[in-house]
Amino acid sequence: MPYEVIARRWRPKAFETVVGQRHVTETLRNAIASDRMAHALLFAGPRGVGKTTTARIVAKALNCASGPTPTPCGACPACEEIAAGLEHAG
């Protein structure tokens, strides 16, 4: 079994499980649900506030096989590759 960093093992997988950033996740979920997503997002802040985690969840939400959705499936190839940190090949 390969070594996995603890932060990756316990990283939130959906907007609902992100802690302490409700105002950000709620805004992003509403934008995706209403099909009014900005063409660019800037995640800024000190270490450990959830920038990469939120960016991964947004990427899954926008690239999910079930369409842009605030609740990505996590099982389609795009969701699995993003969760694994791989580059999408298609």
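The values are calculated or read from the model by the stated rules, or taken from the named source; none is laboratory data. None of the values given here were measured: they were computed from a predicted structure. Cβ: placed from backbone, ideal geometry, glycine included. Neighbour counts: every protein chain shown. Side chains included, ligands, DNA and RNA excluded: accessible areas come from the protein's heavy atoms. Shrake-Rupley method; radii C 1.70, N 1.55, O 1.52, S 1.80 Å.
Brief remarks follow.
- For the chain, a simple Cβ point-charge model (Lys and Arg +1, Asp and Glu -1, everything else neutral) yields a dipole of about 320 debye relative to the Cα centre.
- Relative contact order, percent, the chain [alpha-carbon distance under 8 Å, six or more residues apart]: 23
- Charge-dipole axis of the chain as Lys and Arg at +1 and Asp and Glu at -1 on Cβ define it, positive-most pick from CYS79, SER66, PRO12: PRO12
- Rounded percent of accessible protein surface that carbon and sulfur make up, region 15-89, 1.4 Å probe: 54
- Rough spin-label spacing in nm, given labels placed 7 Å along Cα→Cβ, for THR27 and PHE43: 1.5
- Computed from label points 7 Å out along Cα-Cβ, the spacing between GLU16 and ALA75 is 1.6 nm.
- Surface per residue (accessible, 1.4 Å probe) for the chain, Å²: 73
- Positive-end residue of GLY50, ILE32, GLN21, charge dipole of region 9-50 with Cβ unit charges: GLY50
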